[in-house]
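**Q** Just dropping this structure here.
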Amino acid sequence: MTILVIGLGNPILGDDGAGWRVAEEIARETANNPEIEADCASLGGLSLMERLTGSEHVILVDTIYTGKKTIGTVSVFPLSELPDMSAGHTTAVHDTSLRNALSVGRSMNIPLPSDQDVLIVAIEAENVFDFSETLSSLVETAVPHAVKAVLQLIYSILGERYDFH
């Protein structure tokens, strides 16, 4: 496998389920390509690092709240541009940030992608704590745009080996 796409979040916490929706669509779109695997997860830090083991390229899809962009805005950036929140003690006591987990894993010679080979597709959202299986209208509208962004990233990695529909 060359590319691992993981939709992060929780599908029963409103807009936090958007990453799963994108990953499920990517799984349908790329089902016949053995170089691509799409999955959903509700984990981070060390557990997510373990899931990335052996992957050359990773695309993480999740919601994000920056307070700087309109709800539903889709952004694409490398993991290195995501603030490492572990410095502010915002991670769990028994876990760490993904960037720190990847660094520790690499120091132990675990085969992990570089930070530049971990790309983030983020959908700006605010409603991620209310119990609901429904996305807000702005985030729902953003899902196809996030799917398109992921497919474009896949194409940029695989080039001619990936045939867009």
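The values are calculated or read from the model by the stated rules, or taken from the named source; none is laboratory data. Every value quoted in this text rests on a predicted model; they were computed, and no experiment measured them. Backbone-built Cβ (ideal geometry, glycine too); neighbour counts: all protein chains shown.
**Q** Can you tell me which of (1) under 14 Å from the mean Cα position of the chain (by Cα); (2) of a type in the set (Val, Ile, Thr); (3) at pLDDT 95 or above is the one Val118 doesn't meet?
**A** Of the numbered conditions (1) under 14 Å from the mean Cα position of the chain (by Cα); (2) of a type in the set (Val, Ile, Thr); (3) at pLDDT 95 or above, the odd one out for Val118 is (3).
**Q** Considering every residue within segment 9-17, establish whether at least one is under 19 Å from Ser97 (Cα atoms), surrounded by 23 or more Cβ atoms within 10 Å (Cβ to Cβ), more than 11 Å from the chain's Cα centre (by Cα) and not basic (Lys, Arg). Quick ask: steps written out before the conclusion?
**A** Within segment 9-17, the first condition is being under 19 Å from Ser97 (Cα atoms), and the residues that meet it are 9-10, 16.
Checking which are surrounded by 23 or more Cβ atoms within 10 Å (Cβ to Cβ) leaves us with 9, 16.
With the extra rule that they be more than 11 Å from the chain's Cα centre (by Cα), the set shrinks to 16.
With the extra rule that they be not basic (Lys, Arg), the set shrinks to 16.
For segment 9-17, residues under 19 Å from Ser97 (Cα atoms), surrounded by 23 or more Cβ atoms within 10 Å (Cβ to Cβ), more than 11 Å from the chain's Cα centre (by Cα) and not basic (Lys, Arg): present.
**Q** Moving on. State the number of residues belonging to segment 1-34 that are in contact with a strand residue (DSSP E or B) (Cβ under 6 Å, 6 or more places away or on another chain), under 18 Å from Lys148 (Cα atoms) and touching a residue at least 24 places away in the same chain (Cβ under 8 Å).
**A** 12
**Q** Quick test of your reading of the structure: Phe129 fulfils all but one of (1) at pLDDT below 95; (2) closer than 18 Å to Gly7 by Cα; (3) not in a loop (DSSP other than H, G, I, E, B). Name the failing condition by number.
**A** (3)
**Q** Is it fair to say Ala122 is within 17 Å of Asp62 (Cα to Cα), in a helix (DSSP H, G or I) and of a type in the set (Gly, Ala, Ser)? Break it down into steps so the answer makes sense when it comes.
**A** Values: within 17 Å of Asp62 (Cα to Cα): yes; in a helix (DSSP H, G or I): no; of a type in the set (Gly, Ala, Ser): yes.
Against the criterion (within 17 Å of Asp62 (Cα to Cα), in a helix (DSSP H, G or I) and of a type in the set (Gly, Ala, Ser)), Ala122 does not qualify.
**Q** Out of all the residues in segment 59-71, which are hydrophobic (A, V, I, L, M, F, W, C) and surrounded by 20 or more Cβ atoms within 10 Å (Cβ to Cβ)?
**A** Going residue by residue through segment 59-71, those that are hydrophobic (A, V, I, L, M, F, W, C) are 59-61, 64, 71.
Listed by number, the residues that qualify are Ile59, Leu60, Val61.
**Q** Next question, about the same structure. Quick one: count up the residues across segment 18-58 that are touching a Lys or Arg at 6+ places or on another chain (Cβ under 9 Å), surrounded by 15 or more Cβ atoms within 10 Å (Cβ to Cβ) and assigned to a loop (DSSP other than H, G, I, E, B).
**A** 2
**Q** Restricting attention to segment 62-83, and to residues there that are among the small types (Gly, Ala, Ser) and either part of a strand (DSSP E or B) or modelled with pLDDT under 90 (or both), which single residue is nearest to Glu24 (Cα to Cα)? Give the derivation first.
**A** To start, the set of residues in segment 62-83 that are among the small types (Gly, Ala, Ser) comprises 67, 72, 75, 80.
Right, trim to either part of a strand (DSSP E or B) or modelled with pLDDT under 90 (or both) and you get 67, 75, 80.
Working: Gly67: 27, Ser75: 19, Ser80: 25 Å.
The qualifying residue nearest to Glu24 (Cα to Cα) is Ser75.
**Q** Another question, then. Name the single residue, out of those in segment 101-154 being small (Gly, Ala, Ser) and without any contact (Cβ under 8 Å) to a residue 40 or more places away in the chain, that is surrounded by the most Cβ atoms within 10 Å (Cβ to Cβ). Quick ask: steps written out before the conclusion?
**A** Narrowing segment 101-154 to residues small (Gly, Ala, Ser): 101, 103, 105, 107, 114, 122, 125, 132, 136-137, 142, 146, 149.
Narrowing further to those that are without any contact (Cβ under 8 Å) to a residue 40 or more places away in the chain: 103, 107, 114, 137.
Details: Ser103: 15, Ser107: 8, Ser114: 13, Ser137: 10.
Looking at residues that are small (Gly, Ala, Ser) and without any contact (Cβ under 8 Å) to a residue 40 or more places away in the chain, I get Ser103.
**Q** Taking segment 17-44, which residues are of a type in the set (D, E, K, R) and closer than 20 Å to Val118 by Cα? Steps first, answer last, please.
**A** To start, the set of residues in segment 17-44 that are of a type in the set (D, E, K, R) comprises 21, 24-25, 28-29, 35, 37, 39.
Scanning segment 17-44 gives Arg21, Glu24, Glu25, Glu35, Glu37, Asp39.
**Q** Taking Ala92 as meeting all but one of (1) at pLDDT below 95; (2) farther than 23 Å from Ile110 by Cβ, write down the number of the exception.
**A** It fails just one condition, (2).
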